[in-house]
Every structure is written in C-alpha cells, then in structure tokens.
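What follows is calculated from the coordinates using simple rules that are stated; it is not laboratory data. Just so it is clear, the model here is predicted, and its values are computed rather than measured. We place every Cβ from the backbone using ideal geometry, glycine too, and count neighbours over all the protein chains shown.
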There are 2 protein chains.
Amino acid sequence: MELKGNVVIAQGGGPTAVINQSLVGAVLESRKFEQVGRVYGAVKGVEGIINENFIDLTQETTHNLELVAKTPSAALLSTRVKPDHAYCAEVFKMLKLHNVRYFFYIGGNDSSDTVRLVNDYAHSENYEFRAIHIPKTVDNDLVLNDHTPGYGSAARFVAQSFIGANLETRALGGIYIGVVMGRHAGFLTASAALGKKFSDDGPHLIYIPERAFDLENFTQDVRDVYKKYGRCVIAVSEGIVNAAGQPIASTLRKGVARDAHGNVELAGGQLGDMLVSHLKSTMNISRVRADTFGYLQRSFAGCVSDVDMHEAREVGEKAAHFAIWHNVDGSITINRTGDYAVDYKLVDLKEIAAKTRLMPDEYINPAGNNVTHAFLDYARPLVGSNMPKAQMLRAPYAKQLKND
Amino acid sequence: MELKGNVVIAQGGGPTAVINQSLVGAVLESRKFEQVGRVYGAVKGVEGIINENFIDLTQETTHNLELVAKTPSAALLSTRVKPDHAYCAEVFKMLKLHNVRYFFYIGGNDSSDTVRLVNDYAHSENYEFRAIHIPKTVDNDLVLNDHTPGYGSAARFVAQSFIGANLETRALGGIYIGVVMGRHAGFLTASAALGKKFSDDGPHLIYIPERAFDLENFTQDVRDVYKKYGRCVIAVSEGIVNAAGQPIASTLRKGVARDAHGNVELAGGQLGDMLVSHLKSTMNISRVRADTFGYLQRSFAGCVSDVDMHEAREVGEKAAHFAIWHNVDGSITINRTGDYAVDYKLVDLKEIAAKTRLMPDEYINPAGNNVTHAFLDYARPLVGSNMPKAQMLRAPYAKQLKND
C-alpha cells in the first residue's frame, strides 16, 4: 500500500557548491508522486523542524528551484546543532504532527546520525516513516562512498587555486603554502595535485592528516624542493597532526576553541603564518607566503564540477525514489561502476553515521608528503570537464652577444 | 622612414589573470611588420635583459601563444627589481647590443618608470628607439586610466568570493571578514559589492585605504549590521590605515618587512586574525571568521572577465601599433567612450610613472564604510559577462500546528 503523507527536506552542516542541486532533485522528484501531499523545506536544518519553520516547496516555481540549484551554500539555511536523543525525539514529534512520512536530510555523517535517531523514534512508535540521508561533504570522508557530492567542486576550486599558485611562484620564485580544509581526511588537500601538468609543476609537497606532520622533516622536504626548482609550492591540510595526534594548529594557540560538536576549531590562518615564520627563519628566504583557502573553497560562486553537480542532483532524486517507490530507509551512497560511471545504493544508516573515511594508503606516497598516481586516477573524473590548463612558452632562446 | 630592428617584450610586477593576453597581443601584432626582425621575450622582466635571457618569440607557434594567452601569471616570468638609473643604463646597453628598436614593458607604475628611464638613455644617445608601457595591475591604480587590465578579472574573483561568503553567513550566521589586496587604492576591495543582489546581501561593510580606519567606528558598524541582519559580511583592504596614515596591519607586528620597493609587506592573514579576535571579544559572538584572499585573487586559474581579457589583448596589440605604425613613445591608457565602450590613447610616460590613482570620493559613501551606486555603475561592466547570480527560495511558509 502506498504511504501517503508529507515530505520534509532539510540541509545540515557546512555549505557546498552543489548541495542545492540535491535539494532541488529531491523536491522536484517528490512533487511528482500522488501519495505526497506537501513538500516542506525545514529552515536551518533540524532547528527548523523543532521550530516549525517549514517553507512549502510545493508552492515554489520550477524555474526558481532551478536557479536555486545553481546557487552555492544551503538555500534552506543550515545548522551546526548536533541533536541528542531528546532533540531527535522532539524532531520526530514535529514531523508526526505535520503528517510527515518522508524525511530527507542532506548532510555529512553528523546528519546521517540525526536521521538514524529520528528513524529509531518512528520505529519505536510504529509510525510508518521513511528516512533518507543524502550525502554531502567537501571533505569526502563518508564511508562506503566512492566519493561524496560537494567534494568534486571543492577539489576543482583547490586545483585551480594551485594552478595559479604554481604559475605565481614560477614567475616570481619563493615558497607558497596553501592551507586547505580537512579535519581528519586529506582528500581535499590532495586535490591540489589535480592541476599539475609539467614535470616541475607544484604542489611539490602535500601534507595531510593521515600522516604525522614533523616540522623537521617538513623543513628538509622544502629545502630539497627549493634546491631543485628554486621555488616550492606546498599544500597543507588544516587538520595536520603531530605524531602524538595533536593538531599542529591547536598546539600553537593558548585557548583552543571548540565547536558545538566538540571539534577543535582549526585556525588555518595561524597554521599558515606559523609555517611561514618557521621557513623564513630556517631557510633565510624572504619570499614565503601562505594563503588559507577558508570559506572560498566551499562557497565560491562559479567554480563547479559538472560531474559533481549532476551527481548531487541525482542523489537528491534517488532519495525520493528509494523512499517513495521502494519504501526503504538508509543513506544513499555513490558507487563507481566504470571509468567513469557511477550508480547509487542505499546502505544502513548506522553504517555511515559517526564514521570517517580517510585517504587509503595507496593514495599516499611512502614518504607521506605527496599523492600517488592512483589518487590522481581516482580524483581526476570528479573535478569535471573543461578544467583550466596552464601553458608555457617553449620557443628557443636567442644567442647571447655580450661575450662574443 | 621605417625603423628596422628587433622587439623586446617583458613583464614586470605581480601576475594577473590576463597579463599574458597583452604579451600575446603585442607578439602576434609585432610579428606582422616587415621592419621587425625578431620578437624577443625577456625572461624575468628587466633581469632578463641585463642577463641576455631572451626567448625568440618569432619562433613560437601561434597555437601555443594562444594557449599561453589564456594562462594566468606572467609567461615570461616576472621580477620585483626596481631599476635605478645605473640599472636602466645597462638595460639600454643590452637592448642596443641586440639591435632592439622597440621595447614593450607590461606592468604597473613601477614598470612605466623603468620604460621612461630606458627611453631617456636612448634619447641621450640619439639612438632611435620606441618604448611603450603596457598597463597591468589588479589594483587599478594607474592614473589617466579609466581602469587597468587585470583589474576586471581580479574584481570578478573578489565578487564571486563574496557571493559565496554572503550565502555562507545567510545559511549559518556569524560574521565574515574577507581581506582583499590593495595597498593604497580600494578598487579591488570595493569590487566585493559587485555580486550583491538582494537587499540584505553582503558585503554590508567595506573598508578601503582611502578612508582612515578606526577600530571603534568599525565595531559600532558591525554591531549595527549584526543587529539588523543577525549576520555581517565585511570586505577589508589589506592596506587600511589609521588616522595617522599607519597601515593597521603593520601596527600589529614587531618587525615590519619591506619589499625591494620599500613597501611595507602587508600581512593580510594577521590583519584578519586581529579583527576576528577583536570582534569575538567585543561582541561575544563565537562565529567570526576571516579569509585573506592572498594570491588566489590574482592567480586563480579559471576566473576571467571576458571584457578584461579582450582589453588586455588590445593594449598589447596597440603597443605594436603605436610604436611601429606611429613611431611614438608612451604609456597606453584605457579610456571609456561609451556605456560600455573603450578606446586607447598614448600618454607621456612621466604622466603615469610613480603616481597612484585612488578611489574618487564619489565612489565612497559619506560614512566611509561602503561604496556608492556610482562605483557599481563604474565597475559592473569590467567584471564581464555571465557573472554567477545567487537565488533564494521564495515559497510561502507552512502553517504552524503546535499551538493550534
């Protein structure tokens, strides 16, 4: 029998370039089903459910939805709230009050945990209910996924940034450090390598949280590259840790701030400045600069991977399919089925929640300061079509006359 | 009589997204003239001339030049050397040795000064010589120019960044500070406003070097915006100064680094961090973040204004026209002749050299914390076609049921 009722969609966690594609995919697809009454969007994630702030997306125009789909960040607004059991009970109560039978939550693994808890309440009350977690994270750190929507576009931004940084240091010399997002997983930082073309192109060194960061080894690495090329381009994850597992960024600060999830707030700017000071004083080079990519890498308007965009749309549509056609709960995962092709599966929510996928060893070089070809093969399709490519002059040098 | 001889082209100062368009425009156009023997590219600006490092661009393929034109940063590499009289005498000597009769230098006002000095040596030796300065600077600070090549693309990057930052704070709240390049001129920081669309869009506050920065006024401004919108997006130029004319960034540091031109090295990251700390402690808001756009805003591969790209190409071509057809020296300027249309004039080198154009008063609001519509009218055409546009959901809210 068809399960009749309303749909609630919400977005949680940090923005991505394509999270609104997933929203619009789920909304447009849900609106096609007869058994669906209203399609509500909860404003500010689970906060919007608790506060009954629902936008009636059944009354949104298709054209406007398509424009929203192309807009980065979360059109339904987002939240950093990490709901506990009591919060999820309240969420479920509100969903039930609004005769919601289908709940789609777009977010990272914190969000998938929320979906799981809410779904448990529905089960315990024998309330027929379908709950789907739609994956999203620029960190690419959800288990059982080949990759996650949002990663490809952020990776593209990071790669395009490093194409520029590489050309900048080729033109003017010096050392450049780009500090990239990634608390535990190095995928986004690793994507700095995706714009490399010529053999001397940077980034020459890549440091990720999966390998312990040692300041002495780092200094020697930079020395070696600088000696070879007269310049050095470095990608550093803001989440790099020392051998004891302490974030390098947090060891620099007096008071360590923590967010609502208990995560240490990583101060990328300070990490970059610290590494710059260190290299300036150790290597006696004045032209050492660090940029921290910050919000730009996840919010910049106008840098989107078409592959990422289409997949984000599809996971949204699939949420509606799985829940409404198939009457099943779970988290949607992206599975690679060809070179390059993907398909989507639904996995148990508890398989995704509160787990973090890290870069596999085969993507990291033995020295722990760069990526492998296996990583490049993995990530290249994800950044999409028409990546900018740098080109160099290659005409011959003219004869010198001074000493003739 | 036609002046027969070789051409030397060089690039100086910081990279832009379109400086190679000017290079390629000048090279391709110069190669058409019978009186031109070889078209040389000096590697690393004036350093390449002194060291006789000339690439023979007569032997570069047209296809490769077109690929180079689309590549950001300086394909001939660049230099931060600021030549004195003795250096320019040596430059002239080398140019004469290579039978160079046409010298094109692409750069900012420091580069125009170099062109002037070299040209003076040619005059004093009665050596027939044409020297043209081709404008380039993301800072948009050359006098007698409506705007300069490089600015439009950098402005587009800054505007697209702020579209994202605005959406980010709308979704998650808080205060965001973007620190933008600009030592003396606020044009690039002001361009943060070019992506605004809805009435509550940020940046809500814009601070530029043309107006004294006062920390108390700043704090009150932020308070007012935060009270109104529950969030605040701020664009700050890295070159902001206090009432005494001291850079805010430099007042924070113990040792102030200076570059080869005697300019204080602006530590944008530290400026951002300082403003964040200040606002966090004064306003008791935890979600305050700063990004410093750093190299990204001038080197990012794949964010180009088509208008800027075409104009950069044209100033390169015009350099060849002025020098070879018209036998005149000078600096090429961009002049606005319509809405939107430009034409190019040659002005005396000494009119450009070592002068800095600032934002005119009519582009700055009376409070000194934002731009005017006159600025938006001025700058909008420069960022080119197909700017990304953000869109919001506008469907009605659903009825709340809890208190029914």
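The overall shape of segment B:184-238 is oblate: from the C-alpha gyration tensor, with semi-axes ordered a ≥ b ≥ c, the ratio a/c is 1.5 or greater and a/b is no larger than b/c.
If the viscosity is 1.306 mPa s and the temperature 10 °C, what translational diffusion coefficient in µm²/s does Stokes-Einstein give for segment A:291-404 when Rh comes from Kirkwood over Cα pairs? Stokes-Einstein gives a translational diffusion coefficient of 85 µm²/s.
Sequence-ordered 3J(HN,Hα) estimates for segment B:100-111 from the Karplus curve with 6.51, -1.76 and 1.60 and θ = phi - 60° stand at 7, 10, 10, 10, 10, 10, 9, x, x, 6, 4, 5 Hz, glycine and proline given as x.
Relative contact order for chain B: 21 percent, from Cα pairs under 8 Å spaced at least 6 residues apart, divided by residue count. In sequence order, segment A:388-404 has phi-based couplings of x, 10, 7, 9, 10, 5, 9, 6, x, 6, 7, 5, 7, 10, 4, 9, 5 Hz under the Karplus curve 6.51 cos²θ - 1.76 cosθ + 1.60, θ = phi - 60°, and Gly or Pro positions carry x.
Principal-axis analysis of the Cα atoms of chain A puts helix A:19-30 at an angle of about 30° to the longest axis. For segment A:81-145 versus segment A:269-289, the inter-centroid distance based on Cα atoms is 45 Å. Compared with the dominant Cα axis of chain B, that is its longest principal axis, helix B:215-229 is turned about 60°.
When Rg and the Kirkwood radius Rh are both evaluated on Cα atoms of the protein assembly as shown, their ratio Rg/Rh stands at 1.01. When both bridge partners sit in segment A:1-150, DSSP labels roughly 15% of those beta bridges antiparallel. Per-residue shielding of A:158-165, expressed as the average number of other chain Cβ atoms within 10 Å of the residue Cβ, stands at 6. Summary value for segment B:266-404: 18 percent relative contact order, contacts being C-alpha pairs under 8 angstrom separated by 6+ residues. For segment B:1-93, applying the loop criterion from DSSP together with a ceiling of 12 other beta carbons within 10 Å to the GluC sites (Glu not before Pro) yields B:GLU2, B:GLU34.
The H on the amide N of A:THR372, modeled in the peptide plane, is under 5 Å from the matching H of A:ILE364, A:ASN365, each at least 5 residues off or on a different chain. Can you classify segment A:1-120 as rounded, prolate or oblate using the Cα gyration tensor, where a ≥ b ≥ c are the square roots of its eigenvalues, rounded means a/c under 1.5, and otherwise it's prolate if a/b beats b/c and oblate if not? The shape class here is oblate. Anisotropy class assigned to segment B:50-117 is oblate, per the alpha carbon gyration tensor with a/c at or over the 1.5 cut-off and a/b no larger than b/c.
Taking Lys and Arg as +1 and Asp and Glu as -1, the other residues whose beta-carbon sits under 10 Å from that of B:ARG38 total 0.
Here the sum of -39500 (n - 2.57) over DSSP H runs of 4 or more residues, divided by the residues of chain A, equals -10500 deg cm²/dmol at 222 nm, to the nearest 500. Within the shell of other residues whose beta carbon sits under 15 angstrom from the beta carbon of B:CYS232, the net charge comes to +3, with Lys and Arg scored +1 and Asp and Glu -1. Straight-line cross-link reach from A:LYS355 at under 16 Å between alpha-carbon atoms covers these aspartates and glutamates, not counting any fewer than eight positions away in the same chain: A:ASP110, A:ASP113, A:ASP139, A:ASP141, A:ASP146, A:GLU210.
Segment A:167-237 and segment B:384-401 have Cα centres spaced 39 Å apart. Applying a DSSP loop filter and a limit of 13 other Cβ atoms within 10 Å to the GluC sites (Glu not before Pro) in segment B:159-229 leaves nothing.
Residue by residue, segment B:90-95 carries 3J(HN,Hα) couplings of 5, 4, 4, 4, 5, 5 Hz when phi is fed to the Karplus relation 6.51 cos²θ - 1.76 cosθ + 1.60 (θ = phi - 60°); x denotes Gly or Pro.
Here chain B is treated as a sphere whose radius is the Kirkwood value from Cα pairs; by Stokes-Einstein at 4 °C and 1.567 mPa s it diffuses with a coefficient of 58 µm²/s. Structure note, pairs A:LYS44/A:LYS345; B:LYS32/B:LYS96; B:LYS70/B:LYS318; A:LYS96/B:LYS197; A:LYS228/B:LYS32: Cα-Cα distances above 29 angstrom occur for A:LYS96/B:LYS197; A:LYS228/B:LYS32.
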